[in-house]
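Contents: one structure, followed by commentary.
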């Protein structure tokens, strides 16, 4: 099965989990990149800035994808949670690319709870079959090995479901 992992990661949680998944299924890998870099800070202010960006519906421009997602059977979309929803770069992806008729698995990383992330993603992906969803709570900071194992079990479950 041709699989594509599409993700956005600013603080490496989403990227690290994506790499674990990639090693299990050897999917093509597509990191969303913004044209202008987004603010990255180690202070609490980054959360205020991210929250503001979501609330003001600021959607950054993203670079074109390197892969043509039309040729894939399975698309796995990964996002960090910003203000209880998917990140603005993922919003830009949904705005720019319209996925239809695919099997899609969705994933998010968060520091508290996923909010309405999955509900909002499912709305944007309503013309597809959502086969699985899962969330991770700060995998690089909390129970790292357990969460990495959770990611491996998750992707193996998807593979089993599809075969």
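The values are calculated or read from the model by the stated rules, or taken from the named source; none is laboratory data. Every value quoted in this text rests on a predicted model; they were computed, and no experiment measured them. Heads up, the Cβs are rebuilt from the backbone with ideal geometry, glycines too, and the neighbour counts pull from every protein chain shown.
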Practice task
Of all residues in segment 1-18, count the ones that are surrounded by 17 or more Cβ atoms within 10 Å (Cβ to Cβ) and farther than 19 Å from residue 91 by Cα.
Solution key: 3
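Hey, which of the helices (runs of 4 or more DSSP H) in segment 1-118, taking only ones fully inside, have at least 2 residues that are modelled with pLDDT under 90?
13-25, 45-55
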Problem - Filtered residue count, segment 34-49, keeping only those that are surrounded by 15 or more Cβ atoms within 10 Å (Cβ to Cβ) and closer than 21 Å to residue 94 by Cα - result: 2
Fill in the blank from the handout: Flagged in segment 81-105 as surrounded by fewer than 22 Cβ atoms within 10 Å (Cβ to Cβ) and in contact with a helix residue (DSSP H, G or I) (Cβ under 8 Å, 6 or more places away or on another chain), in numbering order, are 83, 84, 85, 94, 97, 99, 102, 103
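If you check residue 67 against the conditions, is it loosely packed, with under 11 Cβ neighbours inside 10 Å and either in contact with a helix residue (DSSP H, G or I) (Cβ under 6 Å, 6 or more places away or on another chain) or over 21 Å from residue 140 (Cα atoms) (or both)?
It is false that residue 67 is loosely packed, with under 11 Cβ neighbours inside 10 Å and either in contact with a helix residue (DSSP H, G or I) (Cβ under 6 Å, 6 or more places away or on another chain) or over 21 Å from residue 140 (Cα atoms) (or both).
Scan segment 119-145 for residues that are part of a strand (DSSP E or B) and over 22 Å from residue 161 (Cβ atoms) and jot them down.
Scanning segment 119-145 gives a single hit, 137.
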